[in-house]
Amino acid sequence: MKQPLKIGIVVNKKCELPVWEYIMLQQIQESSYLTIDAIFIANNQPPAKTSFLYRLFIIFENWWFGDSFDACKKISIETKFNDIFFPLSEIASHKQLNPDIIFISSLADTRSLPALHATYGKWKIVFGKGIYKSAMPPAFWEVMRRDPVTGSSLTVQLPGSNEEIIVYDGSTVTIPFSVKNNLNSLAWKSSSFILYRLKELYELGADFFFEKYKKRSMPEITPEIQPLKAPGNILMAGLFLKNCFSYFIYKFNEWFNKKKFTILISDQVYNGAATDFSVFKKLQLPPNSFRADPFLIKKDNRQFVFFEEFLYSKKKAHISVIELLQNGNSSEATVVLDKTYHLSYPFVFEWEGDYYMVLETAANKTVELYKCKQFPKQWEFVMNLMEDISLIDITLHFENERWWLFACTQNHSFTTSNDQLLLFYSENLFSDKWITHPQNPVATDISNCRPAGKLFSRDGKLYRPAQNNASQQYGYALKINRIEILNETEYKETEVFEVLPGVGNKLSAVHTINFTDDTIVIDGICKS
């Protein structure tokens with residue numbers, strides 16, 4: 001049996017951690033494959049210089065939003081680990097200390113760490129990507145510049161060198177108008193990075209792990225500029241007024257321009273790339289509802305669309321079905337599944353002559369499988385494939401004698417569910433022992449992550465549609481990814497095409513795509 005990985009944590013002189021790192025520390029303690037070997041006490045991270053109006057802005061945000069889910073609140077761990085604290089000045093006298101990993105807290109001064117050694121390097125979370133990398137304050141400039149994406153990464157400084165590689169490259173949606181909420185979202189999301197990657201390192205071994213991420217860790221190409229600093233008084237005043245104005249415009253549009261997803265169809269052959277949205281026909285949308293996540297099944301030369309039907313009066317959705325008629329119209333919708341909790345993304349598929357459905361039941365913390373008793377309207381529960389887990393937009397695919405289950409998740413209620421794609425596999429569809437892929441999450445980019453329809457093959461290649469949520473509009477666009485590697489130890493995909501709404505078509509968002517041999521169905525937001 002493998003020995004657990006030994007973890008050393010570098011903290012500041014007050015032995016403090018922000019809450020998001022403290023939660024991460026607890027998860028390390030609770031895991032079976034990790035153990036906390038030492039707490040190293042370093043100097044405090046020097047505070048960033050900020051202007052008077054910036055400090056006033058932070059006081060305003062703290063008053064306005066309160067301290068709910070405050071990821072950056074400081075917690076002392078001095079009494080929790082008092083037997084394994086080691087000041088950096090005493091490290092040389094403790095020859096027995098040899099951690100596998102050193103994690104550096106965001107509150108610790110990294111300039112005093114060269115003497116520390118770990119078998120697999122020094123690990124740390126870096127807030128910001130591109131021009132925002134290591135910007136101060138973190139998560140501030142993305143809000144003020146209305147950038148729809150805020151990024152962070154988990155980096156490793158390899159032992160015996162200054163080389164750094166990225167082992168988790170994450171991007172999440174920017175929480176608009178609030179720096180405090182955006183930082184909370186970013187911090188809570190980042191708290192999940194190290195547990196995922198340490199599990200992969202433990203399960204697959206250091207040689208495989210570091211070889212893979214060295215190949216994938218391309219250096220960021222950014223302008224030769226210093227990291228962004230906190231704004232002065234004049235700039236802060238202008239940014240605050242601009243942010244307030246943008247917020248009122250946003251609320252006005254939200255109130256007077258209700259955007260509802262609806263279903264659109266077209267008699268086209270889908271080639272996996274360009275699609276002419278101008279010829280799609282919008283199906284009639286009942287009042288006080290929206291329709292999304294359409295899945296198309298062709299049976300006995302008849303076409304049926306299963307979809308999520310959300311009723312505003314009930315504040316939840318059920319699963320309905322319509323038949324596409326020869327005259328271009330559709331039948332009346334029939335409810336086929338309804339629960340006390342929200343249902344969506346009805347992934348319907350055929351297996352060994354029968355039709356099955358697995359759907360999003362994250363509100364019930366289950367993955368539920370149903371079998372069609374009488375097509376298309378009568379469905380019966382078969383089993384829970386998984387329990388005590390919240391998975392979003394579950395997509396199944398059978399390949400290489402394995403069932404592969406793709407789904408998104410969120411590690412905290414304050415974070416989005418659009419930027420961590422998990423993968424599971426099983427030899428048997430009817431199993432409640434699905435195996436977690438060691439590389440999870442296998443996709444971490446909010447612009448190319450959440451499932452957007454069934455996987456499909458073209459010219460011997462396998463493709464996965466994904467939502468592009470790198471926008472202030474949820475479900476803005478689609479990306480098509482070619483799957484390069486799919487096995488029990490590694491997953492790799494390459495983006496090959498983007499499906500965009502906009503000029504030349506009648507959509508302001510396109511969210512899901514599915515098709516048969518002669519029909520395409522999507523859901524989107526129509527411009528008018």
**OP:** Work out which GluC sites (Glu not before Pro) in the chain are exposed loop sites (DSSP not H, G, I, E or B, at most 16 other Cβ within 10 Å) and give the longest gap free of them.
**Re:** 225-331
**OP:** Output ³J(HN,Hα) for the range 347-353: one whole-Hz value per residue in order, computed from phi by the Karplus curve 6.51 cos²θ - 1.76 cosθ + 1.60 with θ = phi - 60°, and x for Gly and Pro.
**Re:** 6, 9, 8, 9, 8, 6, x
Original post:
Counting other Cβ atoms within 10 Å, which trypsin sites (Lys or Arg not before Pro) in the range 411-467 have at most 10 and lie in a DSSP loop?
Top reply: K433
**OP:** Run through all the Cα pairs of the range 246-377 and give the fraction in each 5 Å bin from 0, expressed as whole percent.
**Re:** 2, 9, 17, 20, 18, 15, 11, 5, 2, 1, 0
Original post:
Taking the Cα atoms only, what angle lies between the long axis of helix 19-30 and the longest principal axis of the chain, rounded to 10 degrees?
Top reply: 90 degrees
Subject >> Within the accessible area of the range 114-254 (1.4 Å probe), percent carbon and sulfur >> reply: 61 percent
Original post:
Taking a ≥ b ≥ c as the square roots of the eigenvalues of the Cα gyration tensor of the range 314-400, is the shape rounded (a/c under 1.5), prolate (a/b larger than b/c) or oblate?
Top reply: oblate
Subject >> Antiparallel content of DSSP bridges confined to the range 1-151, in %, to 5 >> reply: 20 percent
Original post:
Of M386, F60, F209, which is farthest along the charge dipole of the chain in the positive direction, counting Lys and Arg as +1 and Asp and Glu as -1 at C-beta?
Top reply: F60
Subject >> Over the chain, volume per residue of the alpha carbon convex hull, in Å³ >> reply: 173 Å³
Original post:
So, counting K/R as plus one and D/E as minus one, what does the shell of residues with Cβ under 15 Å around G205 add up to?
Top reply: -2
Subject >> the chain, accessible area per residue, ligands and nucleic acids excluded (1.4 Å, Å²) >> reply: 47 Å²
Subject >> Charge dipole of the chain about the Cα centre (unit charges at C-beta), most positive-ward option of L343, H511, I36 >> reply: H511
Subject >> Folded to 0 to 90 degrees: helix 179-190 orientation relative to the chain principal axis, Cα >> reply: 90 degrees
Original post:
Using a simple charge model, +1 on the beta-carbon of Lys and Arg, -1 on the beta-carbon of Asp and Glu, nothing else, what dipole does the chain show about its Cα centre, in debye to the nearest 20?
Top reply: 1660 debye
Original post:
Could you give the angle, 0 to 90 degrees to the nearest 10, between helix 52-65's Cα long axis and the longest principal axis of the Cα atoms of the chain?
Top reply: 50 degrees
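Pull out a ≥ b ≥ c, the square roots of the eigenvalues of the alpha-carbon gyration tensor of the range 173-307, then state rounded if a/c is under 1.5, prolate if not and a/b is larger than b/c, and oblate in the remaining case.
oblate
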**OP:** Give me the percent of the accessible area of the range 383-528 that comes from carbon and sulfur atoms, probe 1.4 Å, all protein chains in place.
**Re:** 45 percent
Subject >> Three semi-axes of the equivalent ellipsoid, the range 376-526, Cα gyration tensor, whole Å, largest first >> reply: 25, 18, 17
Subject >> Value of Rg/Rh across the range 445-524 [Cα atoms, Kirkwood radius] >> reply: 0.99
Original post:
Just going by the charge dipole of the range 267-334, with Lys and Arg at +1 and Asp and Glu at -1 on Cβ, which of F310, S278, V321 is farthest out on the positive end?
Top reply: F310
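Determine the dipole magnitude for the range 313-432: charges of +1 sit on the beta-carbon of Lys and Arg, -1 on that of Asp and Glu, nothing else is charged, the reference point is the Cα centre, and the result goes in debye to the nearest 20.
560 debye
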Subject >> Dimensionless Rg ratio for the range 395-482, taking C-alpha atoms and the 2.2 N^0.38 Å reference >> reply: 1.13
Original post:
Assuming R0 = 22 Å, what is the FRET efficiency of R482 and F398, from their Cβ-Cβ distance, to the nearest 0.05?
Top reply: 0.75
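Regarding the range 120-238, what whole-number volume in Å³ per residue does the convex hull of its Cα atoms give? Walk me through the intermediate numbers first.
Details: hull volume 13.3 nm³, N = 119.
Normalising the Cα hull of the range 120-238 by residue number yields 112 Å³.
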**OP:** With θ set to phi - 60°, apply the Karplus curve 6.51 cos²θ - 1.76 cosθ + 1.60 along the range 196-211 and write out the HN-Hα couplings as whole Hz, x wherever there is a Gly or Pro.
**Re:** 4, 6, 5, 5, 5, 4, 5, 6, 9, x, 5, 4, 5, 4, 6, 4
Subject >> Three semi-axes of the equivalent ellipsoid, the range 1-110, Cα gyration tensor, whole Å, largest first >> reply: 31, 18, 10
**OP:** May I ask you to evaluate 6.51 cos²θ - 1.76 cosθ + 1.60, the Karplus curve with θ = phi - 60°, for each residue of the range 330-337 and list the ³J(HN,Hα) values in order in whole Hz, giving x for glycine and proline?
**Re:** 9, 6, 5, 6, 10, 6, 10, 8
Subject >> Interatomic Cα distance distribution for the range 133-178, bins of 10 angstrom, percent >> reply: 25, 41, 24, 9, 1
**OP:** With a cut-off of at most 13 other beta carbons within 10 Å, and DSSP calling the residue loop, which chymotrypsin sites (Phe, Trp or Tyr not before Pro) in the range 429-528 qualify? Please list them.
**Re:** F430
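The values are calculated or read from the model by the stated rules, or taken from the named source; none is laboratory data. All of these numbers come straight from a predicted model, not from anything done at the bench. Here the Cβ is made from the backbone with ideal geometry for all residues, glycine too, and neighbour counts use every protein chain on show. Side chains are part of the model used for accessible areas, which takes the heavy atoms of the whole protein and leaves out ligands, DNA and RNA. Shrake-Rupley method; radii C 1.70, N 1.55, O 1.52, S 1.80 Å.
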